[in-house]
Amino acid sequence: MPAPHTDDIALRVRAIESLLVEKGLVQPAALAAIVETYETKIGPHNGAQVVARAWTDPAFKARLLSDATAAIAELGFSGVQGEDMVVVENTPTVHNMVVCTLCSCYPWPTLGLPPNWYKSAPYRARAVIDPRGVLTEFGVELPPEKEVRVWDSNAELRYLVLPERPAGTEGMDAAALAALVSRDAMIGTGVATSSSGAAR
Amino acid sequence: MPALPVENVDGLIATGATARMTDDVAPRFRPGDRVRVRNINPTTHTRLPRYARGKMGTVEADRGVFCFNDTNAHGEGHKPQHVYGVRFAARDLWGEQAAARDTLYLDMFEDYIELHVA
């Protein structure tokens, strides 16, 4: 079945929303507050701060890898869809990549809401069986000797990738480093480079 | 069910609701154990991806005790149990076309796996 046109979905969502409001199941002000929170406050810039801190503070990095939920909460990020976090570290020999084949599980407090492609059937189906093919389409070429680890977040844990710190960034502070950390690098469909940015 | 009031939104988002449980349940598996995923095919809610059923993996980590979605989703209780990070070789899941070194990790409820006796 072809995917319904975006306009059709928008129309359907509006119809459902007005029904929910009419029936008193949803307060429009609460809905607006939730949307505003994920549009302006919670997004990949949070995760980028976590990564930059880990790159610059070895003790924090150790805490992050042993108890990610608590370490991330130190920076003030916690809550819905990030209650039980696991951080997986990219190294010269391992590249991690996150998917949710069953639905669209995603670490909201650090990355915000998932992009549409993350929720799409093709990504969910192909990330597990052909991760290298998917990575190539994202522009990530990995040497064959590097292990690709796919994390299918099927239960209640939520995964965040700690990308490798790019070469040539030795003099940069955490704020400058955070600007190099893209959303895709923290999903594992991208890598951090000395010129990549959180815009993506 | 009363509607979520706007004044509760921030607190709810910041707190969430963990599925982790405090029940003192002894783990049946340990890191390093070789396990086989049970070939079960529930018609009801499950977090067991079909592609892993019947496959062999290795327990890598004990994630702690969690509420079991498969029963809780149907009002049949929390059935608290350990969840394990289980590592699978990509080739054990997908055959020879997969890269030899590649791996896949799943979080397996205890009810999904059984010890493999060689």
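Results, tabulated for the structure shown:
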{"item": "Residue in the stretch A:167-188 that is at pLDDT 95 or above, under 17 Å from the mean Cα position of the chain (by Cα), assigned to a helix (DSSP H, G or I) and small (Gly, Ala, Ser) present", "result": "yes"}
{"item": "Filter pass, A:Ala127 being surrounded by 23 or more Cβ atoms within 10 Å (Cβ to Cβ) and either more than 9 Å from chain B (Cβ to nearest Cβ) or not in a loop (DSSP other than H, G, I, E, B) (or both)", "result": "yes"}
{"item": "Where A:Met97 falls short, out of the listed (1) away from chain B (no Cβ under 12 Å); (2) in a strand (DSSP E or B)", "result": "(1)"}
{"item": "Close pairs (9 angstrom Cβ cut-off, 6 or more residues apart or separate chains): surrounded by 13 or more Cβ atoms within 10 Å (Cβ to Cβ) in the stretch B:21-37, part of a loop (DSSP other than H, G, I, E, B) and modelled with pLDDT under 95 anywhere", "result": "B:Asp33/B:His116; B:Arg34/B:His116; B:Arg34/B:Val117; B:Arg34/B:Ala118; B:Val35/B:His116; B:Arg36/B:His116"}
{"item": "Residue among A:Pro131, A:Pro143, A:Pro163 that is touching a residue at least 40 places away in the same chain (Cβ under 8 Å), out of contact with any Cys (no Cβ under 7 Å at 6 or more places or on another chain) and at negative phi", "result": "A:Pro163"}
{"item": "Hits in the stretch B:91-112 - residues which are under 19 Å from A:Glu89 (Cα atoms) and not basic (Lys, Arg)", "result": "B:Asp102, B:Thr103, B:Leu104, B:Tyr105, B:Leu106, B:Asp107"}
{"item": "Any chance A:Val13 is part of a helix (DSSP H, G or I), of a type in the set (A, V, I, L, M) and either touching a strand residue (DSSP E or B) at 6+ places or on another chain (Cβ under 8 Å) or not assigned by TED's automatic domain parsing to the domain that holds A:Ala178 (or both)", "result": "yes"}
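The values are calculated or read from the model by the stated rules, or taken from the named source; none is laboratory data. Bear in mind the structure is a predicted one, so any value in this text is a computation, not a measurement. Cβ atoms come from the backbone with ideal geometry, glycine included; neighbour counts cover every protein chain shown.
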